[in-house]
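Single-structure report; data block below.
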Amino acid sequence: MTLGKGKITVTMVPIATARRHFLARAARFGLSLALFAGGKTALARSRTALTGIRISESGEEHTRVVFDLSGDAEHRLFTLTDPNRVVIDLEDTRESQAIEISSMTTSLMSGIRSASKDNGRLRVVLDLRGKVRPRSFMLKPDGQAGYRVVVDLHATNLGPTPVKTSQEERYRHKQQYVIALDPGHGGRDPGAIGRKGTREKDVVLAVAKKMKTLINRTPGYRAILTRESDRFISLRSRVKKAREAEADIFVSIHADSFHSPSAKGASVYALSLSGASSEAARWIAQKENASDLIGGISLDDKDDLIASVLLDLSQTATIQDSLDLGSDVLAKIGKVSRLNNSHVQQAGFAVLKAPDMPSILIETAFLSNPLEEKKLRNPGHQAKLARAVFSGIQNHIKNRQA
Ligand SMILES: [Zn+2]
């Protein structure tokens with residue numbers, strides 16, 4: 001190992017929500033491990049230096065790796081399997097051959113390695129204990145901190161897990177729970193259209209209104225609608241409206257369509273931060289997200305007020321909560337409708353991006369299926385659906401009040 005000019009310090013620091021066991025782990029491995037940058041040919045070429053790596057862990061489901069940089073650097077992240085790895089390429093960044101610390105481990109990560117590539121690129125490999133959802137973003141200098149590339153690793157086992165503290169807190173001490181109901185589409189955006197001409201925007205509004213009546217009749221609950229009539233409203237405004245009403249839960253109601261009339265059944269979706277759980281999920285998310293394009297609104301992520309908040313760790317807990325909520329609702333819908341998928345699906349729906357409000361999107365049925373179109377037009381079936389969804393929500397809340 002060459003001792004170069006740039007000394008790289010790797011530290012493990014607890015983040016706000018870190019648990020006690022993390023501190024014990026940090027103490028075991030030493031709070032500060034020094035690494036040294038090797039000076040080779042790339043050193044002269046590369047503009048930016050990696051000056052430190054900080055690793056923190058909150059619980060067993062989240063690991064954050066922060067790369068401190070002397071300046072701006074393009075980065076690219078991708079995953080590899082067999083064994084599972086996350087690879088981060090830092091462009092035009094000085095090599096540091098010595099980033100290899102087997103003891104730098106967390107619940108999700110078994111080590112870090114690095115290697116300099118051609119053209120001054122530095123490749124850092126995070127060795128994983130299993131599959132994770134990685135996410136990365138660049139932070140500009142702020143106060144004491146300089147340029148940073150932040151990599152978040154989230155456990156993918158988001159199935160049934162013990163109730164989180166944050167969830168319990170979310171539902172405790174409430175006189176009244178506010179449920180935001182979001183009938184999809186509206187106005188110039190009809191949504192899916194059935195063979196008999198049934199428009200998604202009309203049937204989902206009918207279901208939402210029935211649900212509102214039902215909820216408002218129930219002590220301890222109140223419903224708001226993101227639209228009360230047949231008018232266009234942007235996806236962002238829907239979320240904004242719900243948040244302004246301080247909604248505890250957000251439920252977007254839709255009806256699906258497919259080129260094959262045989263596609264059938266209801267589905268429930270939660271937000272995914274990194275990729276859709278299936279091709280179908282991705283396809284449906286694209287269709288539903290296109291609503292804003294129909295309304296002439298840019299879906300540019302850069303001006304998305306929610307994008308910055310998405311970086312917050314609370315989103316992970318909210319998604320977990322949304323998945324749990326989705327399962328509870330799906331179980332009830334399954335009693336009155338066929339299900340297209342018995343598990344909650346995940347995709348990047350824009351309307352589900354509120355970081356602090358458990359949110360689900362329900363595709364109640366396929367309007368492209370003649371039988372389901374007929375059912376969805378039926379006020380009796382609409383009422384059944386409304387009752388099923390609400391009773392799923394009630395179950396979800398009750399289970400967390402204990
Ligand atoms: Zn829709």
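The values are calculated or read from the model by the stated rules, or taken from the named source; none is laboratory data. Not measured: the values here are computed from a predicted model. Ideal geometry is used to build each Cβ from the backbone, glycine not excepted, and the neighbour counts take in all protein chains shown. Surface areas here come from the heavy atoms of the whole protein model, side chains and all, with no ligands, DNA or RNA. Shrake-Rupley method; radii C 1.70, N 1.55, O 1.52, S 1.80 Å.
For the cross-link pairs K174/K264; K174/K287; K264/K335; K131/K201; K264/K398; K212/K240, which exceed 27 Å when the distance is taken from alpha carbon to alpha carbon?
Distance filter (> 27 Å) returns K174/K264; K174/K287; K131/K201; K264/K398.
Count neighbours as other Cβ atoms within 10 Å of each site's Cβ, and list the trypsin sites (Lys or Arg not before Pro) in segment 191-279 that are DSSP loop with at most 14 such neighbours.
Taking segment 191-279 and a limit of 14 other Cβ atoms within 10 Å, the loop trypsin sites (Lys or Arg not before Pro) found are R195, K196, R217, R231.
How much accessible surface area, in Å² rounded to 10, belongs to the heavy atoms of E61 with a 1.4 Å probe?
50
Please state, rounded to one decimal and in Å, the Kirkwood hydrodynamic radius that segment 322-394 gives when every pair of distinct Cα atoms enters the mean of 1/r.
With all distinct Cα pairs of segment 322-394 included, I get 13.1 Å.
Could you go through segment 388-393 in sequence order and give the Karplus-derived ³J(HN,Hα) for each residue, using 6.51 cos²θ - 1.76 cosθ + 1.60 with θ = phi - 60°, rounded to whole Hz, and x for Gly and Pro?
4, 4, 5, 5, x, 5
On the protein heavy atoms, probe 1.4 angstrom, tell me the percent of accessible surface of segment 319-402 carried by carbon and sulfur.
48
Once the mean 1/r over all distinct Cα pairs of segment 190-235 is inverted, what Kirkwood radius in angstroms do you read off?
11.9
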